[in-house]
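Right, one structure below, let's go through it.
The values are calculated or read from the model by the stated rules, or taken from the named source; none is laboratory data. This one's a predicted model, so the numbers in the text were calculated from it and none came from an experiment. No Cβ is skipped: glycine too gets one built from the backbone with ideal geometry, and neighbour counts run over all protein chains shown.
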Amino acid sequence: MRFVHDNLPQRVCFGSGEAATMLEREIASIGATRVMVIAAKAEAGLADRITAGLPVAVRHDDVVMHVPVEVADRARIASVNADALVSVGGGSTTGLAKAVALTSGLPIVAVPTTYAGSEATPVWGLTEGARKTTGIDPVVLPKVIVYDATLTTSLPVEMSVASGLNALAHCVDSLWAPKADPVNAAFAAEGIRSLRAGLPRIVAEPGDLPGREQVLYAAYLSAAAFASAGSGLHHKICHVLGGAYNLPHAQTHAVILPYVLAFNAPAAPDAEQRIATAFGTVRAIDGLRELRDAVGAPRALRDYGFSEADIPAAAEAILPAVPPGNPRPVTVEDLRRLLQAAWSGGPF
Ligand code: NAD
(Lines give C-alpha, C1' and ligand atoms only; values in the text may rest on other atoms or scores of the structure.)
Protein backbone atom coordinates (compact mmCIF):
# COMPACT_ATOMS: atom_id res chain seq x y z
CA MET A 1 0.00 0.00 0.00
CA ARG A 2 1.46 3.35 -1.01
CA PHE A 3 -0.36 6.70 -0.92
CA VAL A 4 -0.26 10.38 0.06
CA HIS A 5 -3.39 11.67 1.77
CA ASP A 6 -4.01 15.30 2.80
CA ASN A 7 -6.33 15.95 5.72
CA LEU A 8 -8.13 19.26 5.45
CA PRO A 9 -7.65 21.74 8.33
CA GLN A 10 -11.18 22.04 9.62
CA ARG A 11 -13.04 21.63 12.89
CA VAL A 12 -16.19 19.51 12.80
CA CYS A 13 -18.75 20.00 15.61
CA PHE A 14 -21.76 17.67 15.72
CA GLY A 15 -24.64 17.92 18.21
CA SER A 16 -28.38 17.73 17.72
CA GLY A 17 -30.18 20.76 19.16
CA GLU A 18 -26.86 22.46 19.91
CA ALA A 19 -26.30 24.72 16.89
CA ALA A 20 -26.81 28.00 18.80
CA THR A 21 -24.44 27.01 21.62
CA MET A 22 -21.82 25.61 19.26
CA LEU A 23 -21.98 28.74 17.07
CA GLU A 24 -21.49 31.09 20.04
CA ARG A 25 -18.50 29.07 21.21
CA GLU A 26 -16.90 28.82 17.76
CA ILE A 27 -17.42 32.48 16.81
CA ALA A 28 -15.88 33.52 20.15
CA SER A 29 -12.95 31.17 19.56
CA ILE A 30 -12.09 32.74 16.20
CA GLY A 31 -12.48 36.20 17.78
CA ALA A 32 -15.11 37.49 15.34
CA THR A 33 -17.10 40.58 16.38
CA ARG A 34 -18.92 41.53 13.13
CA VAL A 35 -20.57 38.47 11.67
CA MET A 36 -22.33 38.34 8.29
CA VAL A 37 -25.08 35.70 8.39
CA ILE A 38 -25.91 34.27 4.97
CA ALA A 39 -29.19 32.32 4.76
CA ALA A 40 -31.78 32.10 1.97
CA LYS A 41 -35.19 33.64 2.70
CA ALA A 42 -36.67 30.17 3.28
CA GLU A 43 -34.09 29.42 6.00
CA ALA A 44 -34.03 32.96 7.48
CA GLY A 45 -36.23 32.09 10.47
CA LEU A 46 -34.11 29.08 11.30
CA ALA A 47 -30.93 31.17 10.94
CA ASP A 48 -32.29 33.96 13.16
CA ARG A 49 -33.01 31.42 15.87
CA ILE A 50 -29.55 29.89 16.00
CA THR A 51 -27.60 33.13 15.48
CA ALA A 52 -29.46 35.23 18.09
CA GLY A 53 -26.48 35.08 20.47
CA LEU A 54 -23.89 36.17 17.86
CA PRO A 55 -22.48 39.66 17.18
CA VAL A 56 -24.33 39.96 13.85
CA ALA A 57 -23.42 42.96 11.66
CA VAL A 58 -25.21 41.93 8.42
CA ARG A 59 -27.92 39.46 7.44
CA HIS A 60 -27.94 38.51 3.77
CA ASP A 61 -30.69 36.42 2.13
CA ASP A 62 -30.01 36.90 -1.60
CA VAL A 63 -29.09 33.25 -2.37
CA VAL A 64 -29.46 31.55 -5.80
CA MET A 65 -28.49 28.00 -6.81
CA HIS A 66 -25.11 27.56 -8.58
CA VAL A 67 -24.02 31.07 -7.39
CA PRO A 68 -24.51 33.39 -10.39
CA VAL A 69 -21.64 35.94 -10.50
CA GLU A 70 -23.97 38.91 -9.98
CA VAL A 71 -25.35 37.29 -6.81
CA ALA A 72 -21.76 36.75 -5.59
CA ASP A 73 -20.90 40.40 -6.34
CA ARG A 74 -23.86 41.67 -4.29
CA ALA A 75 -22.88 39.46 -1.34
CA ARG A 76 -19.26 40.64 -1.57
CA ILE A 77 -20.38 44.26 -1.38
CA ALA A 78 -22.63 43.46 1.61
CA SER A 79 -19.70 41.82 3.41
CA VAL A 80 -17.32 44.78 3.50
CA ASN A 81 -17.64 45.45 7.23
CA ALA A 82 -17.82 41.83 8.34
CA ASP A 83 -14.98 39.87 9.96
CA ALA A 84 -16.53 36.39 9.66
CA LEU A 85 -19.23 34.61 7.66
CA VAL A 86 -21.83 32.26 9.07
CA SER A 87 -23.73 30.34 6.38
CA VAL A 88 -26.96 28.58 7.33
CA GLY A 89 -28.50 26.50 4.54
CA GLY A 90 -27.85 24.02 1.76
CA GLY A 91 -25.04 23.89 -0.75
CA SER A 92 -26.25 27.05 -2.50
CA THR A 93 -25.87 29.08 0.69
CA THR A 94 -22.50 27.57 1.58
CA GLY A 95 -21.48 28.23 -2.02
CA LEU A 96 -22.33 31.91 -1.72
CA ALA A 97 -20.29 32.20 1.49
CA LYS A 98 -17.39 30.55 -0.36
CA ALA A 99 -17.68 33.10 -3.19
CA VAL A 100 -17.34 35.89 -0.61
CA ALA A 101 -14.42 34.17 1.13
CA LEU A 102 -12.68 33.67 -2.22
CA THR A 103 -12.17 37.42 -2.69
CA SER A 104 -12.19 38.62 0.94
CA GLY A 105 -10.41 35.81 2.80
CA LEU A 106 -13.09 35.98 5.52
CA PRO A 107 -13.38 32.81 7.65
CA ILE A 108 -16.56 30.76 7.23
CA VAL A 109 -18.46 28.91 9.93
CA ALA A 110 -20.87 26.68 8.00
CA VAL A 111 -24.16 25.33 9.33
CA PRO A 112 -25.49 22.90 6.69
CA THR A 113 -29.21 22.17 6.46
CA THR A 114 -29.05 19.68 3.56
CA TYR A 115 -26.71 16.75 2.80
CA ALA A 116 -24.88 18.41 -0.14
CA GLY A 117 -21.56 18.45 1.70
CA SER A 118 -20.10 21.68 0.28
CA GLU A 119 -19.08 22.64 3.84
CA ALA A 120 -16.36 19.96 3.89
CA THR A 121 -14.66 20.84 0.60
CA PRO A 122 -12.34 23.65 -0.60
CA VAL A 123 -14.26 23.68 -3.93
CA TRP A 124 -15.98 26.90 -5.00
CA GLY A 125 -18.35 27.35 -7.93
CA LEU A 126 -19.66 30.36 -9.85
CA THR A 127 -22.02 30.50 -12.82
CA GLU A 128 -21.80 33.06 -15.60
CA GLY A 129 -24.60 32.70 -18.14
CA ALA A 130 -24.78 28.97 -18.88
CA ARG A 131 -21.19 28.24 -17.83
CA LYS A 132 -20.33 26.96 -14.40
CA THR A 133 -16.74 27.48 -13.29
CA THR A 134 -15.32 25.68 -10.30
CA GLY A 135 -11.99 25.93 -8.56
CA ILE A 136 -10.17 24.72 -5.49
CA ASP A 137 -8.84 27.22 -2.97
CA PRO A 138 -8.03 26.51 0.68
CA VAL A 139 -9.35 29.97 1.62
CA VAL A 140 -12.97 28.89 0.91
CA LEU A 141 -12.84 25.79 3.14
CA PRO A 142 -15.00 26.62 6.17
CA LYS A 143 -12.87 26.85 9.33
CA VAL A 144 -15.65 25.24 11.33
CA ILE A 145 -18.68 23.10 10.50
CA VAL A 146 -21.59 23.06 12.92
CA TYR A 147 -23.79 20.01 12.29
CA ASP A 148 -27.17 19.96 14.04
CA ALA A 149 -29.54 17.30 12.70
CA THR A 150 -32.61 19.06 14.16
CA LEU A 151 -32.08 21.75 11.47
CA THR A 152 -32.66 19.16 8.75
CA THR A 153 -35.97 17.74 9.98
CA SER A 154 -37.82 20.44 7.99
CA LEU A 155 -36.16 19.36 4.73
CA PRO A 156 -39.00 17.76 2.72
CA VAL A 157 -38.68 14.00 2.22
CA GLU A 158 -38.21 14.30 -1.54
CA MET A 159 -35.37 16.79 -1.15
CA SER A 160 -33.89 14.76 1.71
CA VAL A 161 -33.78 11.69 -0.54
CA ALA A 162 -32.25 13.58 -3.46
CA SER A 163 -29.72 15.28 -1.20
CA GLY A 164 -28.85 12.01 0.55
CA LEU A 165 -28.27 10.39 -2.86
CA ASN A 166 -26.06 13.36 -3.75
CA ALA A 167 -23.97 12.39 -0.70
CA LEU A 168 -24.02 8.77 -1.87
CA ALA A 169 -22.67 9.93 -5.23
CA HIS A 170 -19.72 11.61 -3.47
CA CYS A 171 -18.95 8.27 -1.80
CA VAL A 172 -19.24 6.12 -4.93
CA ASP A 173 -17.42 8.50 -7.29
CA SER A 174 -14.56 9.01 -4.80
CA LEU A 175 -13.65 5.32 -5.17
CA TRP A 176 -12.40 5.85 -8.74
CA ALA A 177 -11.72 9.59 -8.76
CA PRO A 178 -8.24 10.87 -9.69
CA LYS A 179 -6.87 10.95 -6.12
CA ALA A 180 -8.70 7.93 -4.71
CA ASP A 181 -6.81 6.44 -1.76
CA PRO A 182 -7.53 3.94 1.06
CA VAL A 183 -8.29 6.68 3.62
CA ASN A 184 -11.01 8.37 1.61
CA ALA A 185 -12.26 4.91 0.54
CA ALA A 186 -12.79 4.10 4.23
CA PHE A 187 -14.78 7.33 4.63
CA ALA A 188 -16.79 6.48 1.52
CA ALA A 189 -17.63 2.95 2.68
CA GLU A 190 -18.79 4.17 6.09
CA GLY A 191 -20.76 6.94 4.36
CA ILE A 192 -22.58 4.41 2.13
CA ARG A 193 -23.35 2.20 5.13
CA SER A 194 -24.71 5.13 7.09
CA LEU A 195 -26.84 6.45 4.20
CA ARG A 196 -28.24 2.95 3.68
CA ALA A 197 -29.23 2.90 7.35
CA GLY A 198 -30.53 6.46 7.68
CA LEU A 199 -32.35 7.36 4.45
CA PRO A 200 -35.18 4.78 4.74
CA ARG A 201 -35.78 5.98 8.32
CA ILE A 202 -36.27 9.56 7.08
CA VAL A 203 -38.73 8.38 4.44
CA ALA A 204 -40.69 6.39 7.02
CA GLU A 205 -40.66 9.24 9.53
CA PRO A 206 -39.25 12.62 8.40
CA GLY A 207 -38.75 13.79 11.98
CA ASP A 208 -36.73 10.70 12.97
CA LEU A 209 -33.67 12.24 14.59
CA PRO A 210 -31.40 9.16 14.65
CA GLY A 211 -32.08 8.71 10.91
CA ARG A 212 -31.32 12.40 10.27
CA GLU A 213 -28.11 12.10 12.30
CA GLN A 214 -26.98 9.06 10.31
CA VAL A 215 -27.50 10.87 7.03
CA LEU A 216 -25.89 14.13 8.21
CA TYR A 217 -22.87 12.21 9.54
CA ALA A 218 -22.69 10.43 6.16
CA ALA A 219 -22.92 13.78 4.37
CA TYR A 220 -19.75 14.87 6.12
CA LEU A 221 -17.91 11.59 5.40
CA SER A 222 -18.99 11.65 1.77
CA ALA A 223 -17.84 15.23 1.23
CA ALA A 224 -14.52 14.64 2.99
CA ALA A 225 -13.95 11.63 0.71
CA PHE A 226 -14.91 13.66 -2.37
CA ALA A 227 -12.74 16.63 -1.32
CA SER A 228 -9.76 14.34 -1.00
CA ALA A 229 -10.34 12.12 -4.04
CA GLY A 230 -11.47 14.80 -6.51
CA SER A 231 -14.13 14.63 -9.21
CA GLY A 232 -14.67 11.34 -10.99
CA LEU A 233 -16.79 10.65 -14.07
CA HIS A 234 -20.07 11.08 -12.20
CA HIS A 235 -19.24 14.57 -10.93
CA LYS A 236 -17.92 15.67 -14.30
CA ILE A 237 -21.20 14.67 -15.96
CA CYS A 238 -23.35 16.38 -13.30
CA HIS A 239 -21.17 19.49 -13.34
CA VAL A 240 -21.74 20.04 -17.07
CA LEU A 241 -25.47 19.26 -16.81
CA GLY A 242 -25.99 21.54 -13.79
CA GLY A 243 -24.16 24.51 -15.26
CA ALA A 244 -25.32 24.32 -18.89
CA TYR A 245 -28.95 23.27 -18.38
CA ASN A 246 -29.65 24.74 -14.94
CA LEU A 247 -30.82 21.38 -13.57
CA PRO A 248 -31.42 20.96 -9.84
CA HIS A 249 -28.17 19.77 -8.29
CA ALA A 250 -29.19 17.01 -5.89
CA GLN A 251 -31.81 15.45 -8.20
CA THR A 252 -29.35 15.40 -11.12
CA HIS A 253 -26.82 13.50 -9.00
CA ALA A 254 -29.53 11.13 -7.79
CA VAL A 255 -30.63 10.29 -11.35
CA ILE A 256 -27.15 9.95 -12.90
CA LEU A 257 -25.51 7.81 -10.19
CA PRO A 258 -26.85 4.33 -11.08
CA TYR A 259 -25.95 4.79 -14.75
CA VAL A 260 -22.36 5.74 -13.91
CA LEU A 261 -22.10 2.89 -11.41
CA ALA A 262 -23.43 0.42 -13.98
CA PHE A 263 -20.97 1.77 -16.56
CA ASN A 264 -17.83 1.80 -14.36
CA ALA A 265 -18.39 -1.11 -11.97
CA PRO A 266 -17.37 -3.95 -14.36
CA ALA A 267 -14.00 -2.22 -14.85
CA ALA A 268 -13.49 -1.34 -11.17
CA PRO A 269 -13.81 -4.60 -9.21
CA ASP A 270 -12.29 -3.30 -5.94
CA ALA A 271 -14.62 -0.29 -5.84
CA GLU A 272 -17.54 -2.51 -6.83
CA GLN A 273 -16.76 -4.88 -3.96
CA ARG A 274 -16.43 -2.07 -1.42
CA ILE A 275 -19.77 -0.56 -2.42
CA ALA A 276 -21.49 -3.95 -2.37
CA THR A 277 -20.07 -4.75 1.08
CA ALA A 278 -21.20 -1.37 2.42
CA PHE A 279 -24.71 -2.02 1.08
CA GLY A 280 -24.67 -5.61 2.33
CA THR A 281 -25.41 -6.99 -1.15
CA VAL A 282 -23.51 -9.24 -3.55
CA ARG A 283 -23.45 -6.67 -6.35
CA ALA A 284 -23.04 -2.92 -5.86
CA ILE A 285 -25.73 -2.07 -8.41
CA ASP A 286 -28.27 -4.25 -6.56
CA GLY A 287 -27.52 -2.44 -3.29
CA LEU A 288 -28.06 0.90 -4.98
CA ARG A 289 -31.24 -0.34 -6.70
CA GLU A 290 -32.69 -1.61 -3.42
CA LEU A 291 -31.98 1.66 -1.65
CA ARG A 292 -33.39 3.71 -4.52
CA ASP A 293 -36.56 1.61 -4.55
CA ALA A 294 -36.91 1.86 -0.76
CA VAL A 295 -36.70 5.66 -0.74
CA GLY A 296 -38.44 6.54 -4.03
CA ALA A 297 -35.37 8.04 -5.69
CA PRO A 298 -35.58 10.60 -8.53
CA ARG A 299 -35.64 8.56 -11.74
CA ALA A 300 -35.37 10.56 -14.95
CA LEU A 301 -33.69 13.76 -16.11
CA ARG A 302 -36.76 14.61 -18.19
CA ASP A 303 -38.62 15.17 -14.91
CA TYR A 304 -36.19 17.96 -14.02
CA GLY A 305 -36.20 20.07 -17.17
CA PHE A 306 -33.57 18.31 -19.31
CA SER A 307 -34.65 18.00 -22.92
CA GLU A 308 -33.95 14.94 -25.11
CA ALA A 309 -32.80 17.29 -27.87
CA ASP A 310 -29.92 18.45 -25.65
CA ILE A 311 -28.36 14.99 -25.33
CA PRO A 312 -25.90 15.18 -28.29
CA ALA A 313 -24.54 18.60 -27.29
CA ALA A 314 -24.33 17.61 -23.63
CA ALA A 315 -22.37 14.45 -24.52
CA GLU A 316 -19.92 16.53 -26.59
CA ALA A 317 -19.52 19.00 -23.72
CA ILE A 318 -18.86 16.26 -21.15
CA LEU A 319 -16.30 14.30 -23.21
CA PRO A 320 -13.29 16.65 -22.69
CA ALA A 321 -14.00 16.68 -18.93
CA VAL A 322 -13.83 12.88 -18.51
CA PRO A 323 -11.00 12.07 -16.05
CA PRO A 324 -8.16 10.32 -17.92
CA GLY A 325 -7.90 7.71 -15.14
CA ASN A 326 -11.55 6.60 -15.32
CA PRO A 327 -11.68 2.81 -14.87
CA ARG A 328 -12.77 2.38 -18.46
CA PRO A 329 -12.43 4.56 -21.55
CA VAL A 330 -15.42 6.76 -22.35
CA THR A 331 -16.54 7.66 -25.87
CA VAL A 332 -19.04 10.29 -26.93
CA GLU A 333 -21.35 7.43 -27.92
CA ASP A 334 -21.10 5.98 -24.37
CA LEU A 335 -22.09 9.36 -22.99
CA ARG A 336 -24.99 9.70 -25.43
CA ARG A 337 -26.29 6.28 -24.40
CA LEU A 338 -25.86 7.05 -20.71
CA LEU A 339 -27.67 10.39 -21.01
CA GLN A 340 -30.43 8.86 -23.13
CA ALA A 341 -31.08 6.22 -20.44
CA ALA A 342 -30.91 8.79 -17.65
CA TRP A 343 -33.18 11.15 -19.56
CA SER A 344 -35.91 8.53 -19.82
CA GLY A 345 -35.22 6.77 -16.51
CA GLY A 346 -34.57 3.54 -18.44
CA PRO A 347 -32.86 0.42 -17.08
CA PHE A 348 -29.32 0.65 -15.76
P1 NAD B 1 -29.89 24.15 -2.11
O2 NAD B 1 -28.90 24.72 -1.17
O3 NAD B 1 -30.15 24.92 -3.36
O4 NAD B 1 -31.24 23.86 -1.33
C5 NAD B 1 -32.33 23.24 -1.99
C6 NAD B 1 -33.65 23.72 -1.43
O7 NAD B 1 -33.81 23.24 -0.10
C8 NAD B 1 -33.75 25.24 -1.34
O9 NAD B 1 -35.03 25.61 -1.75
C10 NAD B 1 -33.56 25.53 0.14
O11 NAD B 1 -34.21 26.71 0.53
C12 NAD B 1 -34.21 24.30 0.75
N13 NAD B 1 -33.72 23.96 2.09
C14 NAD B 1 -32.44 23.88 2.52
N15 NAD B 1 -32.40 23.47 3.79
C16 NAD B 1 -33.68 23.27 4.19
C17 NAD B 1 -34.27 22.81 5.40
N18 NAD B 1 -33.53 22.42 6.45
N19 NAD B 1 -35.63 22.74 5.46
C20 NAD B 1 -36.39 23.07 4.38
N21 NAD B 1 -35.88 23.49 3.21
C22 NAD B 1 -34.53 23.59 3.12
O23 NAD B 1 -29.49 22.68 -2.59
P24 NAD B 1 -28.27 21.72 -2.24
O25 NAD B 1 -28.51 20.49 -2.99
O26 NAD B 1 -28.05 21.63 -0.77
O27 NAD B 1 -27.01 22.48 -2.83
C28 NAD B 1 -26.82 22.59 -4.21
C29 NAD B 1 -25.69 23.55 -4.54
O30 NAD B 1 -24.53 23.22 -3.77
C31 NAD B 1 -25.27 23.50 -5.99
O32 NAD B 1 -25.01 24.80 -6.46
C33 NAD B 1 -23.99 22.70 -5.96
O34 NAD B 1 -23.14 22.99 -7.03
C35 NAD B 1 -23.41 23.09 -4.63
N36 NAD B 1 -22.51 22.06 -4.06
C37 NAD B 1 -21.19 22.37 -3.96
C38 NAD B 1 -20.32 21.45 -3.43
C39 NAD B 1 -18.88 21.83 -3.27
O40 NAD B 1 -18.07 21.03 -2.81
N41 NAD B 1 -18.49 23.03 -3.63
C42 NAD B 1 -20.76 20.20 -2.99
C43 NAD B 1 -22.13 19.91 -3.11
C44 NAD B 1 -22.99 20.87 -3.64
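Please determine whether any residue of the range 128-139 is assigned to a loop (DSSP other than H, G, I, E, B) and within 13 Å of the ligand (Cβ to nearest atom).
yes
Which condition from (1) on the phi > 0 side of the Ramachandran plot; (2) near the ligand (Cβ under 10 Å from one of its atoms); (3) not polar (S, T, N, Q) is the one that Gly105 breaks?
Gly105 satisfies all of (1) on the phi > 0 side of the Ramachandran plot; (2) near the ligand (Cβ under 10 Å from one of its atoms); (3) not polar (S, T, N, Q) except (2).
Inside the range 47-66, can you point out the residues that are aliphatic (A, V, I, L, M) and farther than 18 Å from Glu18 by Cα?
The initial filter retains those residues of the range 47-66 that are aliphatic (A, V, I, L, M), namely 47, 50, 52, 54, 56-58, 63-65.
Within the range 47-66, Val56, Ala57, Val58, Val63, Val64, Met65 meet the criteria.
Quick one: would you say Arg201 is among the charged types (D, E, K, R), more than 17 Å from the chain's Cα centre (by Cα) and assigned to a helix (DSSP H, G or I)?
yes
Look at Ala297 and say whether it is surrounded by 15 or more Cβ atoms within 10 Å (Cβ to Cβ), of a type outside the set (S, T, N, Q) and more than 16 Å from the ligand (Cβ to nearest atom).
For Ala297, the condition - surrounded by 15 or more Cβ atoms within 10 Å (Cβ to Cβ), of a type outside the set (S, T, N, Q) and more than 16 Å from the ligand (Cβ to nearest atom) - is not met.
Yes/no per residue for (1) assigned to a helix (DSSP H, G or I); (2) under 30 Å from Gly242 (Cα atoms); (3) within 11 Å of the ligand (Cβ to nearest atom); (4) touching a residue at least 60 places away in the same chain (Cβ under 8 Å):
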| site | (1), (2), (3), (4) |
| --- | --- |
| His5 | no, yes, no, yes |
| Gly17 | no, no, no, yes |
| Thr33 | no, no, no, no |
| Ala57 | no, no, no, no |
| Asp62 | no, yes, no, no |
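Does the range 78-101 include one or more residues that are in a helix (DSSP H, G or I), β-branched (Val, Ile, Thr) and more than 15 Å from the ligand (Cβ to nearest atom)?
Checking the range 78-101: not a single residue is in a helix (DSSP H, G or I), β-branched (Val, Ile, Thr) and more than 15 Å from the ligand (Cβ to nearest atom).
Is there a residue being on the phi > 0 side of the Ramachandran plot and touching a residue at least 40 places away in the same chain (Cβ under 8 Å) anywhere in the range 295-304?
Yes: one or more hits.
Are there any pairs with C-beta distances below 7 angstrom linking a residue in the range 67-88 that is farther than 9 Å from Ala99 by Cβ and surrounded by fewer than 17 Cβ atoms within 10 Å (Cβ to Cβ) to a residue that is of a type in the set (Gly, Ala, Ser) and at pLDDT 95 or above, with the two at least 6 apart or on different chains, and if so which?
Final answer for the pair search is Asn81/Ala57.
So, Ala47, is that one over 24 Å from Gly135 (Cβ atoms), within 16 Å of the ligand (Cβ to nearest atom), of a type in the set (A, V, I, L, M, F, W, C) and touching a residue at least 40 places away in the same chain (Cβ under 8 Å) or not?
yes
Anything in the range 20-56 that is surrounded by fewer than 17 Cβ atoms within 10 Å (Cβ to Cβ) and either closer than 27 Å to Pro138 by Cβ or not assigned by TED's automatic domain parsing to the domain that holds Ser92 (or both)? List them, or say none.
Once the filter is applied, which keeps residues that are surrounded by fewer than 17 Cβ atoms within 10 Å (Cβ to Cβ) and either closer than 27 Å to Pro138 by Cβ or not assigned by TED's automatic domain parsing to the domain that holds Ser92 (or both), the range 20-56 yields Glu24, Arg25, Ala28, Ser29, Ile30, Gly31, Thr33, Arg34, Pro55.
Out of curiosity, is Thr281 hydroxyl-bearing (Ser, Thr, Tyr) and touching a residue at least 24 places away in the same chain (Cβ under 8 Å)?
no
Gly17 fails exactly one of the following numbered conditions: (1) more than 18 Å from Lys143 (Cβ to Cβ); (2) small (Gly, Ala, Ser); (3) surrounded by 14 or more Cβ atoms within 10 Å (Cβ to Cβ). What is the number of that condition?
Failing condition for Gly17: (3).
With Ser160, Ser154 as the choices, which residue is over 24 Å from Leu102 (Cβ atoms), polar (S, T, N, Q) and surrounded by fewer than 19 Cβ atoms within 10 Å (Cβ to Cβ)?
Ser154
Looking at (1) within 29 Å of Glu272 (Cβ to Cβ); (2) more than 17 Å from the chain's Cα centre (by Cα), which one does Thr150 not meet, given that it meets all the others?
With (1) within 29 Å of Glu272 (Cβ to Cβ); (2) more than 17 Å from the chain's Cα centre (by Cα) applied to Thr150, the lone miss is (1).
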